[in-house]
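The values are calculated or read from the model by the stated rules, or taken from the named source; none is laboratory data. Here the structure is a predicted model, which is why all the values come from computation and not from measurement. Note that each Cβ is placed from the backbone with ideal geometry, even for glycine, and that neighbours are counted across all protein chains shown.
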Amino acid sequence: MPFADVLGQEKAVSYLKGLAAGGKVPGAMLFFGEEGVGKAKTALEFAKALNCMDPAARAQGDSCGVCQSCRAISQGTHPDVVFADFLYQARLEVKKDFSSKGYEEELEKELAKQQHINVDTIRDVTAKSQQKAVAGGWKVLIIDAAQTMQAAAANALLKFIEEPPYKTLWILITSKRATMLKTILSRCQPLAFAPLGEETVKQILTATQQDIAYADLAAKYSGGSVARAVKASQALELLSSAQQGPGWPCAVAGALSRTLAVSRVEAQSVLDVVLAALHGAWVTEPDPQKASLMRRDLKKFEDYKRAITRNVSPALVLETALMSLDGINVKIFD
Ligand SMILES: [Zn+2]
């Protein structure tokens with residue numbers, strides 16, 4: 001049963017199965033929780049459960065995963081299920097025809113620029129929400145990164161999530177509920193997604209990522225998020241490639257991407273790993289004096305991390321931060 005593919009979210013999944021089996025589905029829901037804990041996957045599984053053609057699976061509030069409807073949702077081709085994320089939006093914005101030469105490059109470029117779910121995308125999805133369901137089942141309209149909607153987009157969405165027609169479900173997904181407009185929040189039934197356990201993160205990493213480096217450590221430093229574990233793995237590779245010699249901070253900084261936005265994320269991922277290692281050492285330190293010094297180091301590295309978002313050279317901040325690790329007793333690779 002495909003809900004079983006969602007790992008580590010038993011509470012949310014059992015609630016949704018109850019809704020699907022009982023049929024009392026709200027018109028709008030908000031899936032919230034840390035990035036990389038399975039919110040989008042669960043939203044799609046819920047769409048499958050509502051539209052599955054297998055009565056035995058439906059009776060349990062689950063889906064079969066193999067009928068025409070389930071397969072179409074997995075492939076992103078179901079006419080009544082819309083998953084609007086930055087990729088969806090980038091596709092809307094590419095001017096070229098998708099079969100023409102250079103389309104993929106254009107799409108890549110558009111995707112890299114995405115920062116907000118914009119009003120045109122919301123209008124596209126609300127228009128689809130008004131069309132009759134082609135397959136006769138549920139219309140499910142999923143908006144990812146819903147916190148990135150600016151006022152115009154949020155306002156364009158409001159009246160549609162207020163009282164959607166029968167068998168229409170909106171699912172808004174966010175990792176930053178606190179920054180969302182109250183008018184949106186008040187119209188959505190919230191459903192919390194918890195951080196994943198370390199073992200679950202490792203299980204998902206090894207199942208979904210090929211040749212993931214330092215899977216155990218990445219899971220340890222992930223804070224319960226698969227997305228962060230992937231970043232941690234890349235950061236660990238970066239750190240390990242330049243471990244020897246006094247010039248290693250410079251070597252790590254020099255290995256960052258040439259693209260500013262990418263190098264910023266990479267530098268932050270390295271500092272996240274350092275912070276997680278420091279934090280782990282701090283909470284297990286029995287000597288209060290040493291613990292207080294560690295608390296100070298933690299604060300310093302949090303400041304470095306903030307500086308990366310402001311500084312024009314993430315490499316420079318990272319190098320300075322890593323050099324200051326010299327006098328600190330922290331073991332990242334243990
Ligand atoms: Zn099915």
Residue hits (the stretch 102-125; assigned to a loop (DSSP other than H, G, I, E, B) and either among the small types (G, A, S) or in contact with a Gly (Cβ under 6 Å, 6 or more places away or on another chain) (or both)) are G102
Checking A178, A218, A232 in turn, the sole residue that is among the hydrophobic types (A, V, I, L, M, F, W, C), in the same structural domain as L16 (by TED's automatic domain parsing) and assigned to a helix (DSSP H, G or I) turns out to be A178
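Out of all the residues in the stretch 92-101, is one or more in a helix (DSSP H, G or I) and of a type outside the set (F, W, Y)?
yes
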Residue count, the stretch 129-186, condition of a type in the set (K, R) and crowded, with 22+ Cβ neighbours inside 10 Å, comes to 1
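For the stretch 171-188, give me each residue that is of a type in the set (D, E, K, R) and over 21 Å from G36 (Cα atoms).
Matches in the stretch 171-188: K182, R187.
So if I check each of A90, A20, which one is within 14 Å of the ligand (Cβ to nearest atom) and in contact with a helix residue (DSSP H, G or I) (Cβ under 9 Å, 6 or more places away or on another chain)? Quick ask: steps written out before the conclusion?
On the way: A90 fails: within 14 Å of the ligand (Cβ to nearest atom).
The conditions single out A20.
Just the residues that are under 30 Å from P164 (Cα atoms) and either surrounded by 13 or more Cβ atoms within 10 Å (Cβ to Cβ) or of a type in the set (S, T, N, Q) (or both), please, taken from the stretch 187-225.
Of the residues in the stretch 187-225, the ones under 30 Å from P164 (Cα atoms) are 187-194.
If the condition is that a residue be under 30 Å from P164 (Cα atoms) and either surrounded by 13 or more Cβ atoms within 10 Å (Cβ to Cβ) or of a type in the set (S, T, N, Q) (or both), then R187, C188, Q189, L191, A192, F193, A194 are the ones that fit.
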